[in-house]
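To keep things clear, I will list the structure first and then write my remarks on it.
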Amino acid sequence: MDQLSIIWQGLPSLLSGTLVTLNLTFYFLALGFILGIILALGRVYGPSYVKILIILPFERFFRAVPELVLLFLFYFGSSFFHINISAFIAAVLAMGFRSAAYQAQIFRGAILSIGEDQMKAARSLGMNTLQSIRFVILPQALRLSIPSWANEYAVVLKDSSLAYAVGVTELLRQGRYIVARTFGNALLVYTVCALIYFILVFAGNQVLKHLEEKYKIPGYEFKQRREQSVLERI
Amino acid sequence: MPEVILKVENLYKSYGELTVLNGISFQVRQGETTVIIGTSGTGKSTLLTCINLITPPDKGRIWLEEIEITDPKTDINLVRSSIGMVFQHFNLFTHLTVLDNVRLGLTVVKKIPKDRATAISIEKLNLVGLADKLNSYPAQLSGGQQQRVSIARALAMDPKLILFDEPTSALDPELIGEVLNVMVKLAESGMTMVVVSHEMGFARAVANDIIFMENGIIVEEGDPETMFHHSRNPRTQEFLHKITELYGGRPK
Amino acid sequence: MSFLELTWNILPKLLEGTAITIELTLIAITIGILMGIPVALGRVYGNKSIYTICTFFVEIIRGTPLLTQLFILYFGLPSIGIMLSPFKAALIGMGINSAAYQAEYFRGAIQSVKEEQLIAAYSLGMRQGQAIRYIVLPQMFRLVIPSWSNELIYLLKYSSMAYMIQAPEIMSQGRLIASRNFRTFEVFIVVALIYLVLVLVLSKLLDLMERRFSIPGL
């Protein structure tokens with residue numbers, strides 16, 4: 001079989017793997033987004049015992065332990081605790097929590113760089129904390145987060161390839177199956193996989209750039225603040 | 001005499017070792033303008049943010065008309081919605097247009113229907129001369145224009161009084177006039193105002209009452225005539241002498 | 001066997017793996033620096049074709065997963081007759097990957113060295129090469145330190161992917177132990193703790209270093 005027809009015949013399974021990859025990415029980001037906002041708000045506005053006992057340890061752990069180890073912990077941990085979840089769900093939890101820890105940092109940085117003046121103005125109009133966050137802080141924080149969020153999208157999409165290790169049939173595993181079926185051609189097949197990832201990263205970044213442009217506040221330039229400690233930055 | 005709108009009694013505030021307010025008492029009557037003066041770092045701005053509890057005071061009591069603001073049972077958000085505040089750095093919501101900046105408090109806090117809120121907002125923006133900038137964003141406006149929007153934002157809430165925290169000190173000199181003009185117009189229309197400012201011309205022309213603060217206490221209080229010409233306190237005399245030299249008695 | 005006993009028993013093997021993990025990380029970041037600087041210079045000062053090649057390299061590497069890159073090196077290259085050991089494949093893969101990211105950090109740092117600095121250098125009669133050597137690069141190195149310490153921690157974490165091509169680092173050791181004692185979850189708890197300690201200690205060290213090398217007043 002020549003190389004072109006290997007790819008041609010393998011294309012349907014590569015595309016179904018791509019769908020799984022996109023699915024994974026979506027769930028990682030969604031879980032990370034929701035949890036990340038909660039963590040960030042908790043860290044900025046919450047009581048200090050919540051910060052010290054829950055949020056910081058959570059963030060530290062999920063930022064310091066490699067993705068692959070997290071994946072194994074959730075995958076093998078579920079059977080250790082006799083909880084029956086699929087490899088897909090284990091991956092979503094592991095990487096979703098990891099992404100939450102990162103997104104929390106993105107949102108927190110954004111909230112802090114908006115500064116207290118905006119909050120003061122909102123409160124002086126008689127808004128309560130929740131209203132101030134909902135109408136004044138978050139709309140600005142989310143806009144400010146788009147560039148870092150684009151980066152997180154690329155990271156999460158690429159890290160979804162790790163789900164391969166626990167047997168989720170995402171793009172890379174579909175590639176592996178084709179290599180096994182056709183006895184070789186690893187260079188070709190994996191290069192095609194890489195190309196698909198590249199297209200996905202590129203396309204996603206274009207969409208996010210478009211969003212950033214669309215939601216840009218005319219005339220306004222945010223000053224991004226920089227974290228001083230390495231742990232808060234990675 | 002008009003009735004008392006704001007009464008502050010024995011207010012204390014410290015940050016750690018630093019005492020910023022050391023027993024402040026004064027009152028403001030309906031329709032009057034009180035100007036608070038004093039050197040930087042003497043607690044004037046803290047005093048203002050204490051009045052609407054944005055900065056919670058350590059001790060002391062504050063009344064707005066007959067409601068005690070400092071009573072923990074008072075709904076502070078309700079009180080704040082009837083005390084306007086204008087900030088030194090404007091604090092306009094950067095992600096909202098001029099119209100939305102003025103309208104947000106009306107729809108979110110006062111739950112006024114959008115049509116009605118829009119009408120009120122446009123009316124107030126008209127008052128400060130910015131009805132043609134409805135769809136601009138704050139960053140597209142000059143400092144003077146931004147400050148006028150923020151006055152309109154405070155006005156729209158139909159406040160019982162407005163607090164001004166050094167409203168002109170972040171502005172380029174040529175933009176100060178347009179903001180002061182709006183404030184003079186407001187005072188003439190009978191709005192009750194408490195203004196922290198270095199604008200002695202404004203104080204002389206508009207204030208019913210001038211309060212001179214230093215080191216967290218009120219050194220002297222009186223009408224402009226007394227304060228500028230018949231002050232008995234050497235500290236007041238010295239301060240007024242220096243500040244007039246520095247800023248001049250800018251005519252309104 | 002309690003968890004503590006288990007930990008005590010498997011720790012020596014895991015620490016052997018940890019040594020390989022650290023070795024991988026350090027060599028890879030060095031490759032990354034050595035390749036990253038020329039790529040960054042190529043993107044800022046290079047002519048059109050050099051710029052295009054460097055940009056292409058950076059975008060392709062950053063746009064694809066490290067795991068795919070490792071698969072291409074380890075499983076793919078043999079199809080054209082290049083056989084690499086797992087360790088070498090991991091080193092090359094991580095090094096190239098890091099080079100692309102570091103090139104971006106260096107480029108950012110070079111571009112944030114102010115234009116006036118170069119003008120000042122030219123006004124002293126320096127040539128472009130001299131200006132880069134004496135003015136831009138020293139400032140770049142200091143500016144790049146924060147991103148560079150992030151990269152070190154990323155690499156330490158990403159070195160776990162070398163497990164997927166059987167390089168004998170800490171994860172592989174863990175998997176090997178687990179295949180004998182069937183206590184996979186607990187073994188990986190220990191692995192996670194080792195990474196946790198490594199990352200926490202490393203980031204503290206990097207904090208200290210950053211303070212040491214920061215330009216006063218900048």
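The values are calculated or read from the model by the stated rules, or taken from the named source; none is laboratory data. Not measured: the values here are computed from a predicted model. Quick reminder, even Gly has a Cβ in these numbers, built from the backbone with ideal geometry, and neighbours come from all protein chains shown. With ligands, DNA and RNA removed, areas are computed over all heavy atoms of the protein, side chains included. Shrake-Rupley method; radii C 1.70, N 1.55, O 1.52, S 1.80 Å.
Compared with the rule-of-thumb size 2.2 N^0.38 Å for a compact globular protein, segment A:134-205 has a Cα radius of gyration ratio of 1.53. Normalised by 2.2 N^0.38 Å, where N is the number of residues, the alpha-carbon radius of gyration of the protein assembly as shown equals 1.20.
The trypsin sites (Lys or Arg not before Pro) of segment B:1-88 that meet both conditions, a loop assignment by DSSP and at most 14 other Cβ atoms within 10 Å of the site Cβ, are B:73.
Distance between the C-alpha centres of segment C:45-78 and segment B:1-51: 65 Å, rounded to the whole angstrom. Using equal-weight Cα scatterers in the Debye expression, the normalised intensity of segment B:26-114 in log10 at q = 0.10, 0.21, 0.25 Å⁻¹ is -0.34, -1.24, -1.37. Leaving ligands, DNA and RNA out of it, report the carbon-plus-sulfur percent of the accessible area of segment C:1-80 at a 1.4 Å probe. Carbon and sulfur together cover 73 percent of it. Straight-line cross-link reach from residue C:157 at under 26 Å between alpha-carbon atoms covers these lysines, not counting any fewer than eight positions away in the same chain: A:51, A:158, C:13, C:88, C:204. What is the distance in Å between the Cα centres of segment A:82-120 and segment B:197-227? So the separation of the two Cα centres works out to 52 Å.
Dividing the Cα radius of gyration of segment A:43-198 by 2.2 N^0.38 Å, with N the residue count, gives 1.37. Expressed in Å, the radius of gyration and Dmax of the Cα atoms of segment B:10-52 are 11.3, 37. Taking every C-alpha pair closer than 8 Å and separated by at least 6 residues, the mean separation divided by the residue count of segment C:1-116 gives a relative contact order of 41 percent. Distance from the Cα centroid of segment C:106-171 to that of segment B:66-142 is 48 Å (rounded to whole angstrom). Entry for segment B:175-229 at q = 0.19, 0.22, 0.26 Å⁻¹: log10 I(q)/I(0) = -0.70, -0.89, -1.12, Debye formula applied to identical alpha-carbon scatterers, no solvent contribution.
Rounded if a/c is under 1.5, else prolate if a/b beats b/c, else oblate: with a ≥ b ≥ c from the C-alpha gyration tensor eigenvalues square-rooted, which is chain B? Since a/c reaches 1.5 but b/c is at least a/b, the shape of chain B is classed as oblate. Working note: 222 nm ellipticity from helices only, DSSP H runs with n ≥ 4, each -39,500 (n - 2.57), summed and divided by the residues of the protein assembly as shown, gives -20500 deg cm²/dmol to the nearest 500. Remark on segment C:154-218: Rg and Dmax equal 16.5, 57 Å (Cα only). Protein heavy-atom accessible surface, 1.4 Å probe, per residue over segment A:74-129: 37 Å².
The equivalent ellipsoid that matches the C-alpha gyration tensor of segment C:1-132 spans semi-axes of 40, 21, 11 angstrom, in descending order. Summed over both chains, the contact between A and C buries some 3700 Å² of accessible surface at a probe radius of 1.4 Å. Mind jotting down a quarter of the surface of the convex hull over the alpha carbons of segment B:54-173, in square nanometres, one decimal? Mean shadow area of the hull around the Cα atoms is 8.4 nm². Check cross-link reach from residue B:59 to the lysines: straight Cα distance under 25 Å, and skip same-chain residues fewer than eight apart. In chain and number order, the partners are A:120, B:7, B:13, B:44, B:73, B:160.
What residues of segment B:91-132 lose no less than 40 Å² of accessible area with every protein chain in place versus their chain by itself (probe 1.4 Å, heavy atoms only)? So the qualifying set is B:91, B:93, B:94, B:95, B:104, B:108, B:109.
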